[in-house]
Amino acid sequence: MAVSGSRDPDVVNVVALGVISWTTAFVLVRKLLRNRSFELCNRVVSTLHAALAVTLASLSVQDLRCPICPLASQSSPFQMQILGVSCSYLIYDMVCCHFDKRVSVDNTIHHLISIVGIAAGLAYQKCGSEMVAALLITEISSPFLHLREILKEIGYRNTELNFAADIAFAVIFSFARMVGGPYLTYLTLSSNVPLLIKAMALGLQLVSAYWFYKIVRMVRFKLNNRSTLKNN
C-alpha cells in the first residue's frame, strides 16, 4: 500500500501549531507554578492533553454499537486532526522530558513508537478509527498517572488520597491496556493495513505489557507496605 500523495496540508499545520501551543502552555504553567518542579509543570500539561485527547476521541466515534468501526478505512478529517494534535503533544513531551534531570528509556521508546505510528497513519490516511481508539486506550489512565505524582510533590505522599490515585490508575490502566489493548492490536494485525502501522501497534502493546508488569509490582509493594504498617 502506497503512502498517499494528497496528504491534507492542514494536518501538517495542526502538528506544527500544536507543538508551539503545548510548549507555550508549559511555559505559562511554569511561570504560574514557580515554586514547583519542572516535572510537575510538565505533568499539568500532560493532564490537559489527556483530558483533551479522551474527549476528542470519544466525540469522534461514529457508531456507539461499534466504537472502532469502520476498520482499515480512510481516516476522516476530524480523526486526522485529533491524531495531529496528539502527535504534536508527543513531540513536545519527548523533547521536554529530555530537559528534565530524569530520562526514562521505556518512556522514550513509547514516545517514538507512538509518534511513528501516528505519522504513518497520517501519511497513509488510513486506520483513523483504530488509531483514535488506541489514543483513547492509552490516554484514559493518564490523568491518574499524573495525579499520583502531583500529589506526592504537594505533600500527600503515603496518604489515603495518594493510595486511591495509585489504585485508580492501576485498575484503569490494566483494563484499558491489557483488555482493550490486545483486542485492538489483534484487529489491527488481522486487518488489511500497512505493515508499519501493524508493527507500531504491536510495539505499543509490548510496551504496555512491560508497564503492566511494573504496575503489578508497584501495587503489590503498596499493599504489602500498608499491611505492615497496620500490623505495627
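For the ranges 219-227, 24-32, what's the packing order if you count other beta-carbon atoms within 10 Å of each residue, average per peptide, and put the highest first? Mind showing how you got there, number by number?
On the way: 219-227: 12.2, 24-32: 14.2.
Highest mean packing first, the order is 24-32, 219-227.
Could you check the spin-label model distance between Gln74 and Ala209? Points 7 Å from the Cα along Cα→Cβ, value in nm.
That separation, rounded to one decimal, is 3.6 nm.
Expressed as a whole number of Å, what is the distance separating the alpha-carbon centroids of the stretch 57-104 and the stretch 203-227?
24 Å
Before rounding to the nearest 500, sum -39500 (n - 2.57) across all DSSP H runs of length at least 4 in the chain and divide by the residue total; then give [θ] at 222 nm in deg cm²/dmol.
Working: 9 runs with 171 residues, N = 232.
Value at 222 nm, helices only, nearest 500: -25000 deg cm²/dmol.
How much of the accessible area of the stretch 85-232, in percent, comes from carbon and sulfur atoms when a 1.4 Å probe is used?
Carbon and sulfur: 67 percent of the exposed surface of the stretch 85-232.
Show the residues, 5+ positions off or on another chain, whose built amide H is closer than 5 Å to the amide H of Cys127.
Here Ala72, Ser73, Ser75 satisfy the definition.
Sort the following peptides by mean Cβ neighbour count (other Cβ atoms within 10 Å, averaged over residues), highest first: 162-174, 112-124. Let's see the in-between values first.
Details: 162-174: 18.1, 112-124: 20.8.
Top to bottom by mean Cβ count within 10 Å: 112-124, 162-174.
Can you bin the chain into rounded, prolate or oblate? Criterion: square roots of the alpha carbon gyration tensor eigenvalues sorted a ≥ b ≥ c, rounded for a/c under 1.5, prolate for a/b above b/c, oblate for the rest.
Taking the square roots of the gyration eigenvalues as a ≥ b ≥ c, the chain is oblate.
Expected output is a single nm value to one decimal: the length gained when fully extending between Met218 and Phe99, i.e. 0.36 nm times separation in residues minus the C-alpha distance. What is it?
Working: separation 119, 0.36 × 119 = 42.84 nm, distance 2.64 nm.
Taking 0.36 nm per residue and subtracting the Cα distance, the gain is 40.2 nm.
Taking Cα pairs under 8 Å and at least six residues apart, what relative contact order does the chain come out at, in percent?
On the way: 242 pairs, mean separation 54.9, N = 232.
That works out to 24 percent.
Just give me a number: lysine pairs in the stretch 127-232, eight or more positions apart or cross-chain, with C-alpha atoms less than 19 Å apart.
So the count works out to 4.
Helix by helix, which DSSP H runs in the chain go 18 Å or more along their axis at the Cα atoms and have an average Kyte-Doolittle hydropathy of 0.0 or more? Please list the in-between numbers first.
Details: long enough: 9-32 (34 Å, 1.30); 38-59 (32 Å, 1.20); 77-97 (30 Å, 1.07); 105-124 (28 Å, 1.12); 160-175 (22 Å, 1.51); 195-231 (54 Å, 0.37).
For the chain, where a helix must reach 18 Å along its axis and average at least 0.0, the hits are 9-32, 38-59, 77-97, 105-124, 160-175, 195-231.
With every protein chain left in place, what is the accessible area per residue of the chain in square angstrom, probe 1.4 Å?
54 Å²
If the chain between Asp63 and Asn35 were fully stretched, how many nm would it gain, using 0.36 nm times the residue separation less the Cα-Cα distance? Present the calculation step by step, with values, prior to reporting the outcome.
Details: separation 28, 0.36 × 28 = 10.08 nm, distance 4.61 nm.
Residue separation times 0.36 nm, minus the Cα-Cα distance, leaves 5.5 nm.
The values are calculated or read from the model by the stated rules, or taken from the named source; none is laboratory data. Keep in mind that what you see is a predicted model, and the values were worked out from it rather than measured. Note that we place each Cβ from the backbone using ideal geometry, even for glycine, and neighbour counts take in every protein chain shown. The protein model used for the area step is the full one, side chains on, heavy atoms only, and it has no ligands, DNA or RNA in it. Shrake-Rupley method; radii C 1.70, N 1.55, O 1.52, S 1.80 Å.
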